[in-house]
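Asks: Submitted below is the structure of interest, expressed as structure tokens.
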Amino acid sequence: MSGINPFKGKLWIVGVLLALAAYSIGLAVGPRVSGDALSAKSAWGVNCLTAIDLPGPFGLLLNCDSPDFMESASKPERLVEKGNWRQNRPGQIWLAWLVSQPLKAMTDAFVSFASRADVQLPEGNKRSRAQAIADLAPGFVAYYLLNLLLLVATIAVLRSNASLVGLNPTVFTLVASVLLFNDITKAYLLTPHSQLMNVFLPTLLVTLVFRGLRQVQFTRDQLLTLAAVSGLGLLVYATWALVPVVMALWMASGLLQNSRRAAVLPALRWSPVLALLIFAPYVCWYAYVVQRTGLFYVHETSYDGGLVWLLRLGAMEAANRFVGNIAYLLGAAAAQSFPYIAMSLPAVLVLTIRRRSNGADDNGALKQAFVAAALIGLLYLIFFALLGFRLWRYAVPLLPALALPIAMINCRAVQGFVSNTAKTRYLWLLACIGAGIALFEVTKEGPWG
């Protein structure tokens, strides 16, 4: 892994940020949610959408969790209140609080221009619009900035694979449109939530598996860093638990291969330290909360019945529900697959017409990319099927895993062109498809968070 710098050539970062800025404006102007959707109750019996009208043609749509995320970023001490819904995932809230501190002075400047009339907020809270801005706007902006950072990091991780196999990073960046413009970013880019982790983390996991299949050896420092980041990640989102699973699979597969055993054994000796880095942050937070309140509240299991539903059903009934959950997730993923199909189609057509890649031998890299995507997709499928919630957004992580093989087949298509003019035209075609996907997401109705 040494020598690979996904941030080499910073111009792509500017391009991604400009694209996300335009996309954000489009989402804020795009179709408004209907009154029926606003009044609809969620599975938990609460109104799950809050529309906020802004000056001019702009507006925001908050998910039912978003006000709580913003309130907690304003007052993170709420996380140690008994039964707090965010208690088991405090990490993102801490980050939002940290980022929001320098923003408070900026948002305070707008308070004097805001209406003093009361506004109705979720859960029956009332406060003046001026007070709402003072309390919640810094947190909102902080979550938005964190979302932007997460998406830029996602593209950086995807681009790192181009350097690994000697392919064109520009193709990877253009194909990354599928990671920037999709149903999950439409619903959650402009609303405080943790769902964009379902774009970043599958991309990271596929990259880790792909590098393992390419027999790239992880150094001790890289493994320690990955373990430490995973430990902090578990405080943000539960699917960070899949990172140590992938690390364990990498070590196990290395032990089974004579050619890699010598390289994996030193990492295996470090496994107690790795385990400590992964689990210590969460254990410390758990112990602190229990010491303060006498109870550690996990909303997904305590209130929603996530995972524990397996213990409440007989074996056959649980198996049937598990299979039903898998079928639901696959169907929901298929319904959201348009961006990935659109970005794959040009390469498929070019390679079909050409009937051969005419590109450089990739030493099995494309096959390995598909294997990595399939493995991570399977892990996510099992994870969310066991969790038990049939929500469309939990099918999302099955799709970002495909970004790597899609980028690689487009690289194959580009490699086959002899003239630079043809290659440039193909890159412009990918850019136009990405813009078309963004326009499609901005103008269509839903999905709403």
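Bear in mind that the values in this text are calculations on the coordinates, not laboratory data. Since we're looking at a predicted model, the values are computed, not measured. Reconstructed Cβ throughout: ideal geometry from the backbone, glycine too, with neighbour counts over all protein chains shown.
Asks: What does the charge count near Thr185 come to, summing +1 for each Lys or Arg and -1 for each Asp or Glu among other residues with Cβ under 15 Å from its Cβ? Before the final figure, lay out the partial values.
Replies: Details: positive: Lys186, Arg393, Lys444; negative: Asp183, Glu441.
The answer is +1.
Asks: What distance in nm separates the two pseudo spin-label positions at Arg32 and Thr443, each 7 Å out from Cα along the beta-carbon direction?
Replies: 2.0 nm
Asks: Through the Karplus equation 6.51 cos²θ - 1.76 cosθ + 1.60, θ set to phi - 60°, convert the phi angles of the range 329-335 into ³J(HN,Hα) values in whole Hz; use x for Gly and Pro.
Replies: 4, 5, x, 5, 5, 4, 5
Asks: Here's a follow-up. Cα centroids of the range 200-229 and the range 268-312: how far apart, whole angstrom?
Replies: So the separation of the two Cα centres works out to 23 Å.
Asks: Can you tell me the orientation of helix 403-415 relative to the chain, as the angle in degrees between its alpha-carbon axis and the longest Cα principal axis, to the nearest 10?
Replies: 40 degrees
Asks: Sequence gap at least 6, Cα distance under 8 Å: using those rules, report the relative contact order of the chain to the nearest whole percent.
Replies: Values: 558 pairs, mean separation 99.3, N = 449.
Once divided by the residue count of the chain, the mean separation gives 22 percent.
Asks: May I pose another question? Anything over 30 Å Cα to Cα? Flag those among Lys104/Lys444; Lys10/Lys75; Lys75/Lys186; Lys104/Lys186; Lys10/Lys186; Lys10/Lys423, in the order listed.
Replies: From Lys104/Lys444; Lys10/Lys75; Lys75/Lys186; Lys104/Lys186; Lys10/Lys186; Lys10/Lys423, over 30 Å: Lys104/Lys444; Lys10/Lys75.
Asks: Starting at the first residue of the range 244-249, write each ³J(HN,Hα) from the Karplus equation 6.51 cos²θ - 1.76 cosθ + 1.60 with θ = phi - 60°, in whole Hz, x for Gly and Pro.
Replies: Ordered by residue, 3J(HN,Hα) equals x, 4, 5, 4, 5, 5 Hz.
Asks: Based on the Cβ-Cβ distance from Ile382 to Leu18, what FRET efficiency comes out when R0 is 25 Å, to the nearest 0.05?
Replies: Computed FRET efficiency for Ile382 and Leu18 comes out at 0.10.
Asks: Could you check the spin-label model distance between Thr219 and Ala374? Points 7 Å from the Cα along Cα→Cβ, value in nm.
Replies: Those two pseudo-labels are separated by 3.4 nm.
Asks: Another question, then. Considering the Cα positions of the chain, please state its Rg to one decimal place and its Dmax as a whole number of Å.
Replies: Radius of gyration, then largest Cα-Cα span, for the chain: 22.9, 72 Å.
Asks: Please name which of Pro400, Tyr286, Val348 has its Cα lying farthest along the dipole of the chain towards the positive end, using unit charges on Cβ (Lys, Arg +1; Asp, Glu -1) and the Cα centre as origin.
Replies: The residue sitting farthest along the positive end of the dipole is Val348.
Asks: Round to the nearest 0.05 the FRET efficiency obtained for Arg354 and Ala327 when R0 = 35 Å and r is the Cβ-Cβ distance.
Replies: Plugging the Cβ-Cβ distance into 1/(1 + (r/R0)^6) gives 0.45.
Asks: Another question, if that's okay. Expressed as an acute angle from 0 to 90° and rounded to the nearest 10, what is the orientation of the C-alpha long axis of helix 365-387 relative to the principal long axis of the chain?
Replies: 30 degrees
Asks: Also, quick follow-up: Counting other beta carbons within 10 Å of each residue's own, what order do Asp68, Asp183 fall into, fewest first? Walk me through the numbers before you get to the answer.
Replies: Numbers: Asp68 18, Asp183 22.
By the 10 Å Cβ count, ascending, the order reads Asp68, Asp183.
Asks: Restricting attention to the chain, give the cysteines that have no other cysteine Cβ less than 4.7 angstrom from their Cβ.
Replies: Here Cys284, Cys411, Cys432 come out as lacking a disulfide-compatible partner, given the Cβ-Cβ threshold of under 4.7 Å.
Asks: Turning to a different aspect of this structure: Putting +1 on Lys and Arg Cβ atoms and -1 on Asp and Glu Cβ atoms, find which of Met316, Ala431, Leu146 reaches farthest to the positive end of the dipole of the chain.
Replies: Result: Ala431.
Asks: Can you give the charge dipole size of the range 389-449 about its Cα centre, rounded to the nearest 20 debye, using +1 on the beta carbon of Lys and Arg and -1 on the beta carbon of Asp and Glu?
Replies: Details: 6 positive and 2 negative charges, 28 e Å.
That gives the range 389-449 a dipole magnitude of about 140 debye.
Asks: Report the residues of the range 205-243 in range of a label on Ala280: point 7 Å along Cα→C-beta, backbone N strictly under 17 Å from it.
Replies: In the range 205-243, the label zone of Ala280 (backbone N under 17 Å from the point 7 Å along Cα→Cβ) covers 221-235.
Asks: On to the next question. State the extension gain, in nm to one decimal, for the chain segment bounded by Asn363 and Val308, taking 0.36 nm per residue of separation less the distance between their alpha-carbons. Can you show the working numbers first?
Replies: Details: separation 55, 0.36 × 55 = 19.80 nm, distance 4.46 nm.
Result: 15.3 nm gained on full extension.
Asks: What size of dipole, in debye to the nearest 20, comes out for the range 266-355 about its Cα centre when the only charges are +1 on Lys and Arg C-beta atoms and -1 on Asp and Glu C-beta atoms?
Replies: So the dipole magnitude of the range 266-355 works out to roughly 360 debye.
Asks: Moving to a separate point now. How many nm separate the modelled label positions at Ser253 and Trp428, each set 7 Å beyond the Cα in the direction of the Cβ?
Replies: 4.1 nm
Asks: Compute the FRET efficiency between Ala318 and Glu81 as 1/(1 + (r/R0)^6), taking r as their Cβ-Cβ distance and R0 = 51 Å, and round to the nearest 0.05.
Replies: E(calc), rounded to 0.05, equals 0.90.
Asks: Test of understanding: ordering Leu205, Leu234, Leu11 by Cβ neighbours within 10 Å, fewest first, what list do you get?
Replies: Leu11, Leu234, Leu205
Asks: Now for a separate question. Have a look at Val178, Val199, Val245 and tell me which one the Gaussian network model of the chain (Cα, springs below 10 Å) gives the largest fluctuation.
Replies: Val245
Asks: Another one. Nearest 10 degrees is fine. How inclined is helix 338-354 to the longest principal axis of the chain, computing both from alpha carbons?
Replies: Helix 338-354 sits roughly 10 degrees off the main axis of the chain.
Asks: Also, quick follow-up: Based on Cβ point charges of +1 for Lys and Arg and -1 for Asp and Glu, what charge dipole magnitude is obtained for the chain about its Cα centre, in debye rounded to the nearest 20?
Replies: 1140 debye
Asks: With a 10 Å Cβ neighbour count serving as the proxy for reagent exposure, in which order, fewest first, do Leu149, Leu387 appear?
Replies: By the 10 Å Cβ count, ascending, the order reads Leu149, Leu387.
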